[in-house]
Amino acid sequence: MELAYSIGGRLKRLIVAVLAAMIMTTGYSSSTARAAANLCPQWHAKLRQYGLPVAEFSRIMYRESRCQPKVIGWNYHKGTSYKDCKLSPASTYKRCKAVRSYDSGLLQVNSGWVTLTAQTCHSAPGDLTVLLQPDCNLAVASAIYKGSGIGNWRATSGKG
């Protein structure tokens, strides 16, 4: 019994030592984990491709869509909420009288950018479903950013 306990104790110490060595050699820490958890590293190359500052827009993307390209966020008129709309597919939900506008895709581009979306993504006027495609969403976001800066994302950018 003592032999089994002794081997078990040695094995546990070995595992702890190996894990500690791995943590020290990789530079991994809890602050690194927290920082990485609020970014979308899988989209960094695309952000660069569209000329968007990666550090800022990766955080914004995480906050806006949790890195998911098909997310739609609803903006309601003052004094209303999702409770004022019957649950239905997005194509009909957006016609609920409580919905003021909606945001689509990775960087939650607002439905007010309908003309810019059609021009940038070469889509039919009024077709905002194209914003659920990452390349279109990032291209429109890039055009907005180049035209007016990060202010359109001020609520999630930490810039204002």
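The values are calculated or read from the model by the stated rules, or taken from the named source; none is laboratory data. Quick caveat, the model's predicted, so the values are computed rather than measured. Cβ sites come from the backbone with ideal geometry, for glycine too, and all protein chains shown count toward neighbours.
Annotations
- Exactly one residue out of G149, G112, G79 is in contact with a Ser or Thr (Cβ under 7 Å, 6 or more places away or on another chain), surrounded by fewer than 20 Cβ atoms within 10 Å (Cβ to Cβ) and without any contact (Cβ under 8 Å) to a residue 12 or more places away in the chain: that is G112.
- Set L52, L47: member being at pLDDT 95 or above, in a loop (DSSP other than H, G, I, E, B) and surrounded by 18 or more Cβ atoms within 10 Å (Cβ to Cβ): L52
- Boolean, K78 is of a type in the set (D, E, K, R) and touching a Cys at 6+ places or on another chain (Cβ under 9 Å): no
- Scanning region 68-76 finds no residues that are of a type in the set (A, V, I, L, M, F, W, C), in contact with a Pro (Cβ under 9 Å, 6 or more places away or on another chain) and either in the same structural domain as A45 (by TED's automatic domain parsing) or surrounded by 15 or more Cβ atoms within 10 Å (Cβ to Cβ) (or both).
- Residue match in region 122-134 (condition: of a type outside the set (G, A, S), part of a helix (DSSP H, G or I) and in contact (Cβ under 8 Å) with a residue 40 or more places away in the chain): yes
- The single condition among (1) buried (at least 18 other Cβ atoms within 10 Å of the Cβ); (2) under 19 Å from the mean Cα position of the chain (by Cα) that C121 does not satisfy is (2).
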